[in-house]
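Remarks on the structure that follows.
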Amino acid sequence: MAAGVPPDALGRRVSCGTDYGTVRYVGSVSRTAGIWLGVEWDDPQRGKHDGSYEGTQYFKCRHPKGGSFIRPNKANFGVDFLTAVKDRYGLNDKQDVQYGTGNTVVFGTKTVEFVGMDSVAEQQRQVQLNKLVDISVCECAVSHAGQEEEISRTCANMRHINLSKNLISSWETVVAIASRVQNLETLNVSENKMRFPSTSTFISSGFSNLKILALNQTGITWTEVLLCAQGWPVLEELYLSSNNITVLERPDTVLQTLKLLDLSDNQLLDGNQLHLIAQLPRLEQLILRNTGISSIHFPDAGFGCKTKMFPSLKRLAINDNKISQWSSINELDKLPSLRALQCNNNPFTDTEKNPETLIQLIIAKISQLEVLNNCEVCDISTNCMKLDYRKIFGKDWLEAGGHWNPEKNKPSEEFLAAHPRYPALCLKYGAPEEGELKGQQPLTLKNQLLTLTIKCPEKPEQKPVEKKLPESMTIQKVKGLLYRLLKIPGSELKLSYESSKLEGKEVELDNDLKPLQFYSIESGDCVLVRW
């Protein structure tokens with residue numbers, strides 16, 4: 001092997017400036033002198049060809065212009081773990097400038113010689129290393145473990161290590177480092193293109209305390225995840241974004257302690273793949289952003305029933321996918337523990353142009369939802385939205401066989417498939433009344449007027465006033481009207497309302513730009529005025 005080229009260069013990760021790649025060839029190239037490295041770059045725009053030169057194929061690339069040849073002296077093969085740590089935190093020999101040269105230390109302009117100064121400096125460096133708990137050597141060209149005994153001696157207190165975007169080319173290197181850090185709890189090795197074990201014979205006990213592991217953009221497959229996971233007995237969070245994961249397998253004996261799983265930016269073949277990980281007993285958060293799924297279905301549970309799949313799942317992210325049917329949103333109500341959902345940027349959201357109505361529909365379809373697209377759902381507002389949902393689809397309910405008489409109420413299977421929560425909402429809030437459904441007829445000015453009672457709770461001596469207001473009137477305009485009507489001095493009004501259907505609950509009218517109809521106010525309701 002030529003000078004400057006490691007004996008194991010083939011397959012190693014290298015950097016050249018700010019570019020990263022993998023060595024695919026080491027040797028001569030026709031009609032040129034000396035040794036060349038054939039590199040497949042992570043960024044195919046950095047390359048010039050597919051590994052061939054003048055008709056000879058020296059190596060292969062995934063992209064037609066993903067490769068090029070460089071001289072060995074242009075390639076950085078990296079440093080060992082401890083060297084990177086010492087460089088990063090100023091603990092190496094070159095940066096111990098306060099000790100001068102040799103066995104001397106400089107005090108102002110005087111140089112004083114000490115016997116054994118080298119050993120003292122080394123001891124001090126080890127003491128400082130032992131104090132490090134949370135370290136980051138991101139982009140520090142770490143390529144191998146180095147002296148493992150020294151790692152054990154100097155890194156005893158490390159708990160959290162960031163090794164992302166380095167030159168690690170094998171999972172064995174990660175194991176060699178982690179096995180020497182006994183209390184390691186968090187490890188990030190994202191953006192290292194690595195080779196992973198293909199058999200279960202390579203299992204390490206070096207991750208016995210590991211709770212959080214990030215393997216984003218490492219090229220790992222799900223089969224390799226399950227093989228390595230045999231060495232992660234207490235893992236709680238696993239990040240696998242942007243890998244080669246297309247097919248899942250059942251993790252029957254591994255990942256049983258997992259609480260969070262991030263599979264975003266992996267192109268799963270279909271939503272049924274989720275059934276294979278649905279029995280993870282402690283999984284609370286599942287991130288499926290941009291995974292290409294077009295549908296979700298839990299076949300073990302019928303309308304109004306809860307699935308046995310994902311028993312602990314509280315937070316689900318399915319944004320940026322291809323879900324086009326509302327039936328998939330109906331299915332999410334079967335999840336017994338679901339509290340938070342991210343679902344924006346899916347085709348089904350385009351079926352409703354009004355964003356407020358879209359929110360109403362989603363919240364009405366999924367019971368117990370507390371957070372939608374990172375916004376908290378107010379309990380009382382939720383009740384209002386569910387009341388609206390009954391009215392919006394009341395006419396369809398009647399046409400499908402629904403009836404106010406419970407004995408005659410037999411909506412069709414097609415209606416229940418589209419609105420599985422409709423019977424439960426009617427049971428809780430009552431079936432929509434005939435007068436409510438008339439609101440679905442073509443609107444006239446008379447139909448749009450609401451007859452409301454205006455009260456001032458803090459001034460009981462003031463008699464209630466009855467007023468007819470357009471349901472499209474904004475809260476801001478209502479406040480202006482009440483200023484004049486009640487002759488209230490200049491101050492900030494606070495409005496709320498009570499409805500017989502909300503049984504003693506008071507709904508705050510807290511957005512001046514929203515119309516009365518946004519809050520589901522109906523004729524006969526009472527508006528409460530405070531200042």
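Modelled spin-label separation between Arg250 and Gln279, with each label point placed 7 Å from Cα along the Cα-to-Cβ direction: 0.4 nm.
Taking a point 7 Å from the Cα of Leu513 along the Cα-to-Cβ direction, the residues of the range 360-380 with backbone N closer than 20 Å to it are 360, 372-378.
The simple Förster model, with R0 at 60 Å and r as the Cβ-Cβ distance, assigns Glu414 and Asn76 a FRET efficiency of 0.40. For the range 12-74, the Cα gyration tensor yields ellipsoid semi-axes of 17, 14, 9 Å (square root of five times each eigenvalue, largest first, whole Å). When Rg and the Kirkwood radius Rh are both evaluated on Cα atoms of the range 449-530, their ratio Rg/Rh stands at 0.92. Put a dot 7 Å past the Cα of Gln182, heading toward its Cβ, do the same for Asn209, and the two dots end up 0.8 nm apart.
With N counted as the residues of the range 188-237, its alpha-carbon radius of gyration over 2.2 N^0.38 Å works out to 1.08. Here the simple spin-label model places points 7 Å from the Cα toward Cβ, and for Asp396 and His160 these points are separated by 4.7 nm. Heavy-atom accessible surface of the chain, averaged per residue, reaches 51 Å², computed with a 1.4 Å probe.
Structure note, pairs Lys455/Lys479; Lys308/Lys428; Lys353/Lys494: Cα-Cα distances above 19 angstrom occur for Lys308/Lys428; Lys353/Lys494.
With the convex hull drawn over the C-alpha atoms of the chain, the volume per residue is 256 Å³.
For the chain, the carbon plus sulfur part of the accessible surface works out to 49%, probe radius 1.4 Å.
The values are calculated or read from the model by the stated rules, or taken from the named source; none is laboratory data. Given the structure is predicted, the values throughout are model-derived calculations rather than measurements. Cβ sites come from the backbone with ideal geometry, for glycine too, and all protein chains shown count toward neighbours. The area values use the complete protein model at the heavy-atom level, side chains included, leaving out ligands, DNA and RNA. Shrake-Rupley method; radii C 1.70, N 1.55, O 1.52, S 1.80 Å.
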